[in-house]
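For reference, the structure is listed below as structure tokens.
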Amino acid sequence: MNEKYLKTNEKTIKKIRIVGFVLAIIGLACLIVGTANFFMGNTDLFFLNFIGTPLFAVGLALLLFSYMRKISELAVSQTAPVTKDVTNYMLDGTRDEVVKTIKAASDKKIICPNCHSENDINARFCSNCGKPLVKKCPHCDELNDSDAKYCKKCGREL
């Protein structure tokens, strides 16, 4: 996150933290007094539990929200190295296969339908017999394989 954003919101974050601490402390105090009063046999202050519970919960939520950046930074600093190691471990077993696949794709040849000899993927005519290896669609001028019956672009019959 950029520093300009942090500078402009630093005051707001501090205010949220202060309100969160105050609400959490007041809520906890209400819960302690209400619960202690209940167990002492007097139920006059038991209602404080109903006030203290939401105050404490809202206070904790505000605190969690205000410290979210620090919590996220900690989580990322702990998980990023593990993720990197796992990714490298998984890729290590597949690197040879990826290289083979790339090599096979770059070595791809076109087989001439007339004489069955291999030609480069970009060849338009057979290097052995001279027959065309591609058909030009009369409707959209797209180049198609010589054995194609329909255009790969417009779908019309060749």
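The values are calculated or read from the model by the stated rules, or taken from the named source; none is laboratory data. Since the structure is predicted, the reported quantities are computational estimates derived from the model, not experimental observations. For neighbour counting, all protein chains shown are included, and Cβ atoms are generated from backbone atoms with ideal geometry for every residue, glycine included. All accessible areas refer to the heavy atoms of the entire protein, side chains included, with ligands and DNA or RNA removed. Shrake-Rupley method; radii C 1.70, N 1.55, O 1.52, S 1.80 Å.
In this structure, does ASN37 turn out to be touching an Asp or Glu at 6+ places or on another chain (Cβ under 9 Å), surrounded by 15 or more Cβ atoms within 10 Å (Cβ to Cβ) and in a helix (DSSP H, G or I)?
Details: touching an Asp or Glu at 6+ places or on another chain (Cβ under 9 Å): yes; surrounded by 15 or more Cβ atoms within 10 Å (Cβ to Cβ): yes; in a helix (DSSP H, G or I): yes.
Against the criterion (touching an Asp or Glu at 6+ places or on another chain (Cβ under 9 Å), surrounded by 15 or more Cβ atoms within 10 Å (Cβ to Cβ) and in a helix (DSSP H, G or I)), ASN37 qualifies.
Out of the residues in the range 92-129 that are open to solvent by less than 80 Å² (accessible area, probe 1.4 Å) and assigned to a helix (DSSP H, G or I), state the one that is farthest from GLU142 (Cα to Cα).
GLY93
Does the range 40-69 hold any residues that are assigned to a helix (DSSP H, G or I), out of contact with any helix residue (DSSP H, G or I) (no Cβ under 6 Å at 6 or more places or on another chain) and either more than 27 Å from GLU10 (Cβ to Cβ) or open to solvent by less than 70 Å² (accessible area, probe 1.4 Å) (or both), and which are they?
Residues of the range 40-69 assigned to a helix (DSSP H, G or I): 48-66, 68-69.
Next cut, out of contact with any helix residue (DSSP H, G or I) (no Cβ under 6 Å at 6 or more places or on another chain) only: 50, 53-54, 57, 61, 64-65, 68-69.
The answer is PHE50, THR53, PRO54, ALA57, ALA61.
Checking the condition open to solvent by 100 Å² or more (accessible area, probe 1.4 Å), in a helix (DSSP H, G or I) and in contact (Cβ under 8 Å) with a residue 24 or more places away in the chain, which residue from ILE25, ILE16 passes? Spell out how you get there, then give the answer.
Working: ILE16 fails: open to solvent by 100 Å² or more (accessible area, probe 1.4 Å).
Of the residues listed, the single one that is open to solvent by 100 Å² or more (accessible area, probe 1.4 Å), in a helix (DSSP H, G or I) and in contact (Cβ under 8 Å) with a residue 24 or more places away in the chain is ILE25.
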